[in-house]
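Readers should treat all values here as calculations from the given coordinates under stated rules, not as data from a laboratory. These numbers come from a predicted model, not from an experiment. Here the Cβ is made from the backbone with ideal geometry for all residues, glycine too, and neighbour counts use every protein chain on show.
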Amino acid sequence: MLYIYDRPLDVPTILGDWYAQEATSNYGAYIPFVGTVRSEDNIDGLSFDIYEPILEKWFNDWQDKAKAKGAVIKMAHSRGDVMLHESSYIAAVFSPKRRVALEFIDEFVEDFKASAPIWKYDLRDGKRIYAKDRSTAIKGSGILS
Amino acid sequence: MVRVEFLGPIQKKPLELDINNLNELAKILQDDGEMQEWLKNSAVAVNDTLVSSRDFALNDGDRVALLPPVCGG
């Protein structure tokens, strides 16, 4: 369950919807991670490009891993501009017992940062500047150099 | 023809190339001054699947994408 929005995330609605979707699924744990745009380096906000075909494959691989442990992952991400103190990213794991979800959310968010085909830009003084220094080359990069 | 797309911050229009493998694409892009910096840190996908070697055959209609460093969240 991967959700892409062309706007900032409506955190209470998304968390509530996900809760409702699984309310009777007999999961004992629901562990969400909510990412919020922070004020730093004089930015006005962030902006995102997403390449959905590969993001979907990456996400489906993780969903299969979760399923093997009886868990389910949900993720929402914004495309375009997200201003200060708004949310651009929510991930959550539901599992029968808490330990699986706690470990999964950690591994999932770390791999998301390193592998998901999403590009971040700082919004500053009306410009959209690629956040190169904070970006990570995907594993296996450089084969054409 | 093989279509080559440059994703995210790489400001380059798609190319339509008559090539048979990724080695040929590497040679073409290495001669492109503005691509030098991106080639070192970009991943490569063929038909939306990441590939790990440039010894990779391409067929007519294949789509290649270059993915520069990422930062979601």
Cα-based helix-to-principal-axis angle, A:98-115 vs chain A, degrees rounded to 10: 30 degrees
Quick one: dipole size for chain B, taken about the Cα centre, charges +1 on Lys/Arg Cβ and -1 on Asp/Glu Cβ, in debye to the nearest 20. 220 debye
Using label points projected 7 Å from each Cα along Cα→Cβ, tell me how many nm separate A:MET1 and A:LYS127, to one decimal. 4.2 nm
Please report, in debye to the nearest 20, how large the charge dipole of the protein assembly as shown is about its Cα centre when each Lys and Arg carries +1 at its beta carbon and each Asp and Glu carries -1 there. 600 debye
State whether chain A is rounded, prolate or oblate according to the following rule on the C-alpha gyration tensor (a ≥ b ≥ c being the square roots of its eigenvalues): a/c under 1.5 gives rounded; otherwise a/b larger than b/c gives prolate, and the remaining case gives oblate. oblate
Answer in debye to the nearest 20: the dipole magnitude of the stretch A:2-125 about its Cα centre, from +1 Lys/Arg and -1 Asp/Glu charges placed on Cβ, is 640 debye
Listed residues B:LEU22, B:LEU58, B:LEU50, most fluctuating in chain B (Gaussian network, C-alpha, under 10 Å): B:LEU50
Would you mind calculating the gained length between A:GLU56 and A:ALA137 on full extension (0.36 nm times residue separation, minus the Cα-Cα distance), in nm to one decimal? 27.3 nm
Of A:ALA23, A:PRO117, A:GLY140, farthest towards positive along the dipole that unit charges on Lys, Arg, Asp, Glu beta carbons give the stretch A:20-145: A:ALA23
By Cβ neighbour count within 10 Å, fewest first, A:LYS74, A:LYS139, A:LYS113 rank A:LYS139, A:LYS113, A:LYS74
Projected onto the charge dipole of the protein assembly as shown (+1 at Lys/Arg Cβ, -1 at Asp/Glu Cβ, origin at the Cα centre), which of A:SER95, A:THR13, B:GLY8 gives the Cα projection farthest towards the positive end? A:SER95
List the residues of the stretch B:1-43 whose backbone N lies under 16 Å from a point placed 7 Å from the Cα of B:ARG54 along the Cα-to-Cβ direction. B:19-43
